[in-house]
Amino acid sequence: MRIDLHTHSNASDGTQDPRVVIQLAADTGLHVIGLTDHDSAAGWVEASAAALEVGIRLVPGMEISTIHQHAGVHVLAYLPDPTYPPLMAELGLILDGRNGRLAAMLAQLRAAGLDIREAEVRAQVGAAPAIGRPHIADVLVAKGYVADRNQAFAEWLNWGRPGYVSRYAADTRRMVQIVTAAGGAAVIAHPWGRGSRRVLDHETLASLQSDGLVGIEVDHQDHARDDRDALRAIARDLDLVATGASDFHGAGKVDHELGCNLTDPGQFERLLAAAADNASSAGLNVTAVVGS
Ligand SMILES: [Zn+2]
Ligand SMILES: [Zn+2]
């Protein structure tokens, strides 16, 4: 069974409609796909219909921006009740922060000499509920300032670069608690990618587990082989679920093709069992896996 638990559609910063992502997943021979757009469940309805149509299982999820000791940490929330008020409140703050910072980022980029207008960025957004740096990056690519999104981030948009403006992110510990209370299973995405390695050691992961953390994403393109081995050992030691996924973004991210990393079926069953446990102890609406 081929299981890919972390993908993005244009409900956040992927480049394809949720329906297209699901169709591609089926075409690629995946049996289970997790749709985990950033800070949003906006793609779930369309993806669910598509999953039923093409006959694969969909795990509704989201990837939530959090912060731990000044480092950005992405928390994958699988099967949370998206209407759980504390979760909705946090997602609302994240979206407001992201949208509010657009004008500030563009002003800084213009001050640095780039000709970029808000309307141009909005034209890149499509159905996505939030405007993010990837959309600005796409405009910089389209206008020939940079070759691709990676260069746009490295030269203009990352922390410390001219276009960077900080924004709201939830506290990691609090978000793990909220996802758990929302009947979901919290998994740290790419724990040793993108600058979060420093803060996510064995001890911190153990501590987050006491807040409800269910697993860590081990097999991810950001992790070299020895990091994967070390993370798998931590997962085994702490009895955390170890997942694997592509972090697919369509054309928005190279080298993240659907199915390039997979989750072991036994680990997947443990993840589902943890979400079911959390949902029943929360007494909330259970968010079900779509399809059979
Ligand atoms: Zn991420
Ligand atoms: Zn992602």
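Only the coordinates and a few stated rules stand behind these numbers; no lab work does. Note that the structure is predicted; figures quoted are calculated from it, not measured. As a convention, Cβ positions derive from the backbone with ideal geometry for all residues, glycine included, and neighbour counts pool all protein chains shown.
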TODO: Give me the distance between the Cα centres of the stretch 172-186 and the stretch 217-249, rounded to whole Å.
DONE: 20
Open item on the list: Students often check this: by mean Cβ neighbours within 10 Å, which of 114-122, 2-10, 268-276, 186-194 ranks highest, and how do the rest follow?
Closed with: 2-10, 186-194, 268-276, 114-122
Open item on the list: What is the angle, in °, between the Cα long axis of helix 44-54 and the longest principal axis of the Cα atoms in the chain? Nearest 10 is fine, range 0 to 90.
Closed with: 60
Task: Among 12, 48, 210: highest mean-square fluctuation, GNM of the chain, C-alpha pairs under 10 Å - done: 210
- [ ] Quote the FRET efficiency, to the nearest 0.05, computed for residue 151 versus residue 107 with a Förster distance R0 of 25 Å and r equal to the Cβ-Cβ distance.
- [x] 0.70
TODO: Output the relative contact order of the stretch 29-145, whole-number percent, from Cα pairs under 8 angstrom with separation of 6+ residues.
DONE: 19
Task: Least to most buried among 168, 78 (fewest other Cβ within 10 Å first) - done: 168, 78
Open item on the list: Under 8 Å for C-alpha pairs, at least 6 residues apart: give me the relative contact order for the stretch 168-292, rounded to a whole percent.
Closed with: 29
Task: the chain: calculated mean residue ellipticity at 222 nm from DSSP helix runs of at least 4, using -39500 (n - 2.57) - done: -13000 deg cm²/dmol
Open item on the list: Tell me the Kirkwood radius of the stretch 183-292: reciprocal of the mean inverse pair distance over distinct alpha-carbon atoms, in Å.
Closed with: 14.8
Task: Estimated Rh, the stretch 59-105: Kirkwood, alpha-carbon pairs, angstrom - done: 12.0
- [ ] Kindly provide the pair-distance distribution of the chain built from C-alpha pairs, with 5 Å bins from 0 and whole-percent values in order of increasing distance.
- [x] 1, 6, 12, 17, 19, 18, 14, 8, 4, 1, 0
